[in-house]
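Participant: This is the structure I have questions about; it appears just below.
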Amino acid sequence: MYKTIIIEDEQRLREALSIMLEMTAADQIQIIGYAESASEAVKLIDRLKPDLVFMDIMLTDGTGFDVLQQITFNSFHLIFTTAYEQHAINAFKYSAIDYLLKPIDPEELKTAVERITLLEEKVLEKQQLNELQQNLNKTPDRIILPTQEAMYVVKLDQIIRCETSGSYTTFILTDGRKIMVSKPLKNYEDLLEPPMFFRIHQSHLINVNSIVSYSREGMVQMIDKSTVPISRGKKEQFFKLMKDEI
């Protein structure tokens, strides 16, 4: 059972989330406290030492970030709840921090809870939170790639290409590194979009700025000397993109 705290300044949303957790994860979640302000949240987290915290970003007397900067106990899983628009949602994704978009969907809530049961580490990564705060205020130019060993902060222009294998994606970088993450390429296709990135094949997403040459026959050479095939269904779109880039 995960000892859980809900931090939300609207009573109806606190109650709704509590009911949904009871319906979807009663055998995994034990709610041990609620807070509606940043000051209450800090005291509650440090006193009760939860395993999981659902955190609203905007609170009556501050933000969720204020809470995270003031707490002394930080060994818990964190899921932000937010009503932000698409730019902010991208900021969460680029920062590799879990979130739920309000109004919360029960199935997405269930998936989020199931996802944390697969994670061993519960200590909050300050680098992720710093990146999220920065990404909320600007267009992200870096992405965090979480692996079992570490959290890698990668500039977008360092990515030559991404290659998928089942539910894993390998990022090939300009410095020669290859970073494998346990997420499918589709997860990153939604973030790494044209005109800088292009899903050229079912198994490959490339940085258009890293192309050295391409042929009408359907092969692209990248700056690391690798070659990537253009799928038949992507040729027309790819050639149009390249024409527009010139």
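Participant: Taking interchain pairs and intrachain pairs at least six residues apart, which have beta carbon atoms under 9 angstrom, with the first residue in the stretch 57-83 and in contact (Cβ under 8 Å) with a residue 40 or more places away in the chain and more than 11 Å from TYR99 (Cβ to Cβ) and the second open to solvent by less than 20 Å² (accessible area, probe 1.4 Å) and charged (D, E, K, R)?
Facilitator: LEU59/GLU8
Participant: Residues to consider are TYR214, TYR168; find the one that is of a type outside the set (Lys, Arg), within 30 Å of LEU118 (Cα to Cα) and out of contact with any Leu (no Cβ under 6 Å at 6 or more places or on another chain).
Facilitator: Answer to the check: TYR168.
Participant: Does the stretch 2-22 contain any residue that is acidic (Asp, Glu), in contact with a strand residue (DSSP E or B) (Cβ under 9 Å, 6 or more places away or on another chain) and touching a residue at least 60 places away in the same chain (Cβ under 8 Å)?
Facilitator: yes
Participant: Wholly within the stretch 170-234, which strands (runs of 3 or more DSSP E) include no fewer than the required count, namely at least 2 residues that are over 26 Å from ALA150 (Cβ atoms) and touching a helix residue (DSSP H, G or I) at 6+ places or on another chain (Cβ under 6 Å)?
Facilitator: In the stretch 170-234, the matching strands (runs of 3 or more DSSP E) lie at 197-201.
Participant: Taking interchain pairs and intrachain pairs at least six residues apart, which have beta carbon atoms under 9 angstrom, with the first residue in the stretch 85-101 and outside any helix (DSSP H, G or I) and the second open to solvent by less than 60 Å² (accessible area, probe 1.4 Å) and acidic (Asp, Glu)?
Facilitator: ALA96/GLU131; ILE97/GLU131
Participant: Let me ask something else about it. What residue, of SER210, SER226, SER203, SER182, is of a type in the set (Gly, Ala, Ser), surrounded by 15 or more Cβ atoms within 10 Å (Cβ to Cβ) and over 18 Å from ASP157 (Cα atoms)?
Facilitator: Just a single option satisfies the conditions, and that option is SER203.
Participant: Continuing with this model, one more query. Inside the stretch 28-39, can you point out the residues that are touching a residue at least 24 places away in the same chain (Cβ under 8 Å) and either among the basic types (Lys, Arg) or open to solvent by 30 Å² or more (accessible area, probe 1.4 Å) (or both)?
Facilitator: Residues satisfying the conditions are GLN28, GLN30, ILE31, ILE32, TYR34, GLU36.
Participant: Would you point out the residue of the stretch 235-246, among those that are free of Cβ contacts under 8 Å to residues at least 40 places away in the same chain and in a helix (DSSP H, G or I), that is nearest to ASP141 (Cα to Cα)?
Facilitator: Of everything passing the filter in the stretch 235-246, MET242 is nearest to ASP141 (Cα to Cα).
The values are calculated or read from the model by the stated rules, or taken from the named source; none is laboratory data. Note that this is a predicted model, so its numbers are computed, not measured. Here the Cβ is made from the backbone with ideal geometry for all residues, glycine too, and neighbour counts use every protein chain on show. Quick note on the areas: whole protein, heavy atoms, side chains included, nothing else; ligands and nucleic acids left out. Shrake-Rupley method; radii C 1.70, N 1.55, O 1.52, S 1.80 Å.
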